[in-house]
Amino acid sequence: MIHLITGGSGSGKSAFAENFLVNLGETKRFYIATMYPFDEESHQRIRRHRRMRSEKNFTTVECYTNLKKLQFPSDSNVLLECMSNLVANEIYQEEGAGRLTVSAVLAGIRYLADMVENLVIVTNEIFSDGMDYDEETARYQEYLGKINESIAAFADRVTEVVYGIPITIKGDKMRE
Amino acid sequence: MKLIIGGAFQGKTEYAKNRYSVKQWADGRVCPWDEIFRAEGIHHFHEYVRRMLTEGLDPADAAQRLCQENKDVVIVTNELGYGVVPVEAFDRKYRETTGRICTKLAEQSSEVVRVICGIGQVIKG
């Protein structure tokens with residue numbers, strides 16, 4: 001199963017995604033961490049996320065670019081967090097896919113989805129503030145938007161998390 | 001506790017006034033800090049959070065106290081955080097703090113309504 005989870009900043013989407021994976025059962029859990037720790041604020045964010053999942057038995061694998069280098073057992077449940085960081089890394093880091101980011105990321109997602117039992121992907125809504133951005137930022141929005149749209153098309157479930165409340169966009173509605 | 005959320009200028013306060021019989025509102029933009037603990041309704045709650053952060057106060061503490069002392073309050077707040085990560089550190093802190101607080105308030109609320117174009121969708125309750 002592929003489950004795409006989206007939401008705004010501070011919406012509780014990560015906690016929801018982690019709990020969703022935990023509720024899938026005791027199968028081995030992996031966490032693909034994509035945030036590159038480039039300053040104190042990102043270190044703080046990473047520490048906060050580590051605290052959040054410390055009791056949930058995840059094995060953390062750091063991956064800033066190229067999902068295809070990852071290997072997991074076929075019966076594992078995997079959480080990728082989060083797509084917005086991965087896309088930024090692919091665009092801006094030297095070893096990233098650059099202009100080929102959209103196709104590289106989608107190929108990576110399909111590769112993982114074929115390998116593991118359940119793949120949960122956290123992404124981010126960065127499209128609704130009504131601001132016009134410079135060309136580079138607009139390209140980032142475009143790439144992330146295309147990737148979200150493409151994953152949603154082949155995902156089994158798409159959920160938007162609004163202040164901790166899951167809203168089903170695609171798939172059967174969840175029961176509390 | 002009831003929580004009304006949505007983007008700016010969506011008719012949230014009007015919607016809340018029609019749905020709940022709240023006569024006395026605390027305005028988060030200008031009200032004294034303590035007013036939210038006894039008000040029937042609070043609107044512009046996100047501005048209250050921003051003011052506290054600007055003053056170096058902790059809005060999470062205020063939100064916790066609100067949950068304990070004013071359990072029947074109706075809170076109207078903008079839904080933030082649907083844009084590109086802001087350049088300014090304060091702006092990032094403001095939108096994330098507001099999000100985390102609203103997630104807590106949503107958890108405590110018996111009803112959460114999201115208003116778009118003046119139309120409310122009950123997403124909890």
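The values are calculated or read from the model by the stated rules, or taken from the named source; none is laboratory data. Quantities reported herein were computed from a predicted structural model and do not represent experimental measurements. As a convention, Cβ positions derive from the backbone with ideal geometry for all residues, glycine included, and neighbour counts pool all protein chains shown. Heavy atoms of the whole protein, side chains included, go into the accessibility calculation; ligands, DNA and RNA do not. Shrake-Rupley method; radii C 1.70, N 1.55, O 1.52, S 1.80 Å.
Surface analysis of chain A yields an accessible area of 50 Å² per residue, using protein heavy atoms and a 1.4 Å probe. The mean sequence distance of close C-alpha pairs (under 8 Å, at least 6 residues apart), as a share of the length of chain A, puts its relative contact order at 36 percent. Carbon-plus-sulfur accessible fraction, chain A (probe radius 1.4 Å, protein heavy atoms only): 47%. Converting phi to 3J(HN,Hα) with the Karplus coefficients 6.51, -1.76 and 1.60 and the offset θ = phi - 60°, segment B:24-33 yields 10, 10, 8, 9, x, 6, 9, 5, x, 3 Hz in sequence order, with x at every glycine or proline.
Under a model in which nothing but the beta-carbon of Lys, Arg (+1) and Asp, Glu (-1) is charged, the protein assembly as shown shows a dipole of about 780 debye around its Cα centre.
Let me make sure I get this right: for segment A:15-69, a, b and c are the square roots of the gyration tensor eigenvalues over alpha carbons, sorted descending. Under 1.5 in a/c it's rounded, otherwise prolate if a/b > b/c, else oblate. Which is it? Note, shape of segment A:15-69 comes out oblate. Ranking A:74, A:163, A:87 by Cα position along the charge dipole of chain A, where only Lys, Arg, Asp and Glu carry charges on their C-beta atoms, puts A:74 farthest toward the positive end. Figure note: B:124, A:69 ranked by solvent-accessible area, largest first, 1.4 Å probe, ligands and nucleic acids not counted: A:69, B:124. Placing +1 on the Cβ of every Lys and Arg and -1 on the Cβ of every Asp and Glu, with no other charges, gives segment A:1-154 a dipole of roughly 620 debye about its Cα centre. Let me know the shape class of segment B:2-124, please: from the alpha-carbon gyration tensor, a ≥ b ≥ c as square roots of the eigenvalues, rounded when a/c is under 1.5, otherwise prolate if a/b is greater than b/c, or oblate. Oblate is the answer for segment B:2-124, as a/c is 1.5 or above yet b/c matches or exceeds a/b.
Run the numbers on segment A:1-19: which residues show a drop of 40 Å² or more in accessible area, chain on its own versus all protein chains together, using a 1.4 Å probe over heavy atoms? The answer is A:9, A:10. Remark: accessible surface ordering of A:163, A:36, A:140 (largest first) is A:36, A:140, A:163, probe radius 1.4 Å. Burial of accessible area (probe 1.4 Å, heavy atoms of protein chains only) in segment B:81-95, relative to its chain alone, reaches at least 30 Å² for B:81, B:82, B:83, B:84, B:92. Whole-Hz Karplus values for segment B:35-42 come out as 4, 5, 7, 10, 6, 6, x, 10 Hz, taken residue by residue from phi with 6.51 cos²θ - 1.76 cosθ + 1.60 and θ = phi - 60°; glycine and proline positions read x.
Solvent-accessible surface (1.4 Å probe) assigned to residue A:58 amounts to roughly 30 Å². With contributions of -39500 (n - 2.57) from each DSSP H run of at least four residues, the per-residue ellipticity at 222 nm computed over the protein assembly as shown stands at -12500 deg cm²/dmol.
Buried accessible surface for the A/B pair, both sides summed and rounded to the nearest 100, is 1900 Å² with a 1.4 Å probe.
Quick one: grab the alpha carbon gyration tensor of chain A, order the square roots of its eigenvalues as a ≥ b ≥ c, and give me rounded if a/c is under 1.5, else prolate or oblate depending on whether a/b is larger than b/c. Rounded shape, in that the Cα axes give a/c under 1.5.
With a threshold of 28 Å on the Cα-Cα distance, the over-threshold entries among A:13/A:146; A:68/B:104; A:13/A:68; A:170/B:23; A:13/A:69; A:13/A:173 are A:68/B:104; A:170/B:23.
Beta bridges from DSSP with both residues in the protein assembly as shown: antiparallel share about 20 percent, rounded to the nearest 5. Averaged over the residues of peptide B:98-111, the number of Cβ atoms from other protein chains lying within 10 Å of each residue's Cβ is 4. Between segment B:85-115 and segment A:87-118, what's the alpha-carbon centroid distance in Å? The two parts, judged by their Cα centres, are 30 Å apart.
Coupling constants for segment A:138-146 follow from the phi torsions by the Karplus curve (6.51 cos²θ - 1.76 cosθ + 1.60, θ = phi - 60°), and in residue order they are 4, 5, 4, 4, 4, 4, 5, x, 5 Hz; glycine and proline get x.
Per residue, chain B exposes 50 Å² of solvent-accessible protein surface, assessed with a 1.4 angstrom probe and all protein chains in place. Towards the positive end of the charge dipole of chain B, with charges on Cβ (+1 Lys, Arg; -1 Asp, Glu), say which of B:57, B:75, B:115 has the farthest Cα. Farthest towards the positive end: B:115. For residue A:22, the solvent-accessible surface with a 1.4 Å probe is about 40 Å², rounded to the nearest 10. Taking the alpha carbon gyration tensor of the protein assembly as shown, multiplying each eigenvalue by 5 and rooting it gives semi-axes of 35, 21, 18 Å, largest first. Note on residue B:116: accessible area is roughly 90 Å² with a 1.4 Å probe, heavy atoms of protein only.
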